[in-house]
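The values are calculated or read from the model by the stated rules, or taken from the named source; none is laboratory data. Computed from a predicted model, the values in this text were never measured in an experiment. Note: ideal-geometry Cβ built from the backbone for every residue, glycine included; neighbour counts use all protein chains shown.
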Amino acid sequence: MANAYDVIIIGSGPGGYVAAIRGAQLGLKVAVVERSYVGGICPNWGCIPTKALLRSADVYHAMTHAKDFGLSAEKPGYDAAAIVKRSRGIANQMSTGVGFLLKKNKVDIIWGTATITAPGKVSVKASDNPPKGALGGGDYAAKNIIIATGARPRPLPGMEPDKALIWTYFEAMVPEKMPKSLLVVGSGAIGIEFASFYRTFGTEVTVVEILPQILPVEDEEIAALARKRFEKEGIRILTDAKVAKVTKGKDSVTATIETKDGKTQEITAERMISAAGVVGNSENLGLEKVGVKVDRGIITVDDHCRTNVPGIYAIGDVAGSPMLAHKAEHEGVIAIETIAGKHPHGLDKLKIPGCTYCSPQVASVGLTEKKAIAAGHEVRVGRFPFIGNGKAVALGEPDGMVKTIFDKKTGQLLGAHLVGAEVTELVQGFVVAMNLETTEEELINAVFPHPTISETMHESVLAAYGRAIHI
């Protein structure tokens, strides 16, 4: 049967396309159903184009501080349209690349919107403008189905995005011009990255966070250091605060902000970004009909991405937190290898790194200090500031810190938390260490290259055991 597959994957985002390619490598006949963007949100409207925008901001920031490096750059300026054009061009390049990889691995693309009509049965309603070579609507069969439909911005009551005055990350990525003022609701990775981007180009930015700290999933100490730097750059931050009311003007919004102590204030800004999280795309898939368990929009799965219905799997954002592209990719491999009978290791969420690409960058893996103590560990904590690192100082990036947390009895590395230049690249060293079940002794005995920022990682471990050299 031409329309029969070993696996049909609904969604071609990072989880979906990685699962498809790994399935093809294992000799499975695989198809991917996609309704909008080959590659999903990440390369088209998320991870990649936002990093392109932030790179423009980094270069511009360096230009405006040329004097600090003994250089001259008179009256540096920017072209908002050109910044957006570069970002969109990179997004298109990445999406095209995903399409090429699927074709190279002989994965069929079915262009349309999928509904699971029964276990092993998928009906697809064709979408407009299919990519070259894609299949269309119809009924398809598969021994196994993987749901990889991702998530979308969570709308907040009273401040629903309108694409004009109130933005989601979609609109925030393609501004016609830089707004003079911006109100960001939510201080997670999305909110803080956009706050950092727009502030670099001169926008007056206010961030409102309902919780006591910004970057709520991060270690308190690291989040506090990041906040200090953001405020130094001119970002206004209100924590323990919520938006009680929003009034739209002709070309602005006015928000009534209510703080924990009951006080209120009004803030008027040209634009608002609603960045208070995302919600899984689990609706209209036929899940209720086939009996797949869903909890508040998230599909319930085990550590091998299996739902409660045999033959149906879920991966990525729609399968729950952490909602990160690399988590989706890893789950895609776990799911497809489980289908192929390869017995992969189950997902360990404590070993999934998180990265925020603001300035300064923030990255972490494992338990925070507070969570480690709450879990019953007696801990050793090491800290090392960037000011004690020659490479960081030479780069003009002396603001930062690496914090490591160990179990006092066993020496097990429980968590690592970083803030500063390029820490999103450094954190993977700790991820590998945790996967190898490292102890402090192995990290202490490792030789780190000099001069590199990575030496701060080593010094942080040394500091946990009273052996730091450079501070």
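Some points to look at:
- The residue of region 365-396 that is surrounded by the fewest Cβ atoms within 10 Å (Cβ to Cβ), among those that are charged (D, E, K, R) and not in a helix (DSSP H, G or I), is Glu378.
- Selection count, region 419-454, where residues are closer than 14 Å to Thr404 by Cα and part of a loop (DSSP other than H, G, I, E, B): 2
- Checking Val301 against (1) more than 16 Å from the chain's Cα centre (by Cα); (2) outside any loop (DSSP other than H, G, I, E, B); (3) in the same structural domain as Val122 (by TED's automatic domain parsing); (4) β-branched (Val, Ile, Thr), the condition it does not meet: (2)
- Selection of strands (runs of 3 or more DSSP E) fully inside region 116-216 by the criterion of at least 2 residues being without any contact (Cβ under 8 Å) to a residue 60 or more places away in the chain and not polar (S, T, N, Q) returns 121-126, 204-208.
- Answer residue from region 329-356, given it is β-branched (Val, Ile, Thr) and under 23 Å from the mean Cα position of the chain (by Cα) and is surrounded by the most Cβ atoms within 10 Å (Cβ to Cβ) among those: Ile336
- Check on Ser274, hydroxyl-bearing (Ser, Thr, Tyr) and surrounded by 18 or more Cβ atoms within 10 Å (Cβ to Cβ): yes
- Condition check for Glu233 on (1) closer than 30 Å to Gly120 by Cα; (2) charged (D, E, K, R); (3) touching a helix residue (DSSP H, G or I) at 6+ places or on another chain (Cβ under 7 Å): one failure, at (1).
- Selected residue (only one of Ile298, Ile339, Ile312 is in contact with a strand residue (DSSP E or B) (Cβ under 7 Å, 6 or more places away or on another chain) and without any contact (Cβ under 8 Å) to a residue 24 or more places away in the chain): Ile298
- Selection within region 259-291 - in a loop (DSSP other than H, G, I, E, B) and in contact (Cβ under 8 Å) with a residue 60 or more places away in the chain: Glu270, Ala275, Ala276, Gly277, Asn281, Ser282, Asn284, Leu285, Gly286
- Residue count, region 244-258 (criterion: free of Cβ contacts under 8 Å to residues at least 12 places away in the same chain and not hydroxyl-bearing (Ser, Thr, Tyr)): 1
- Residue match in region 455-466 (condition: of a type in the set (Phe, Trp, Tyr) and assigned to a helix (DSSP H, G or I)): no
- Residue identified as among the small types (Gly, Ala, Ser) and outside any helix (DSSP H, G or I) among Ser95, Ser87, Ser56, Ser72: Ser72
- Being touching a helix residue (DSSP H, G or I) at 6+ places or on another chain (Cβ under 7 Å), among the hydrophobic types (A, V, I, L, M, F, W, C) and surrounded by 15 or more Cβ atoms within 10 Å (Cβ to Cβ) is a property that holds for Val38.
- Residue list for region 315-328, restricted to those being surrounded by fewer than 21 Cβ atoms within 10 Å (Cβ to Cβ) and either in a helix (DSSP H, G or I) or in contact with a Leu (Cβ under 6 Å, 6 or more places away or on another chain) (or both): His326
- The residue of region 397-415 that is nearest to Glu440 (Cα to Cα), among those that are assigned to a loop (DSSP other than H, G, I, E, B) and within 27 Å of the chain's Cα centre (by Cα), is Gly400.
- Residues located in region 433-470, provided they are surrounded by 12 or more Cβ atoms within 10 Å (Cβ to Cβ), within 17 Å of Gly366 (Cβ to Cβ) and out of contact with any strand residue (DSSP E or B) (no Cβ under 8 Å at 6 or more places or on another chain): Asn435, Glu442
- Per the listing Ser72, Ser12, Ser56, the residue uniquely in contact (Cβ under 8 Å) with a residue 40 or more places away in the chain and of a type in the set (S, T, N, Q) is Ser12.
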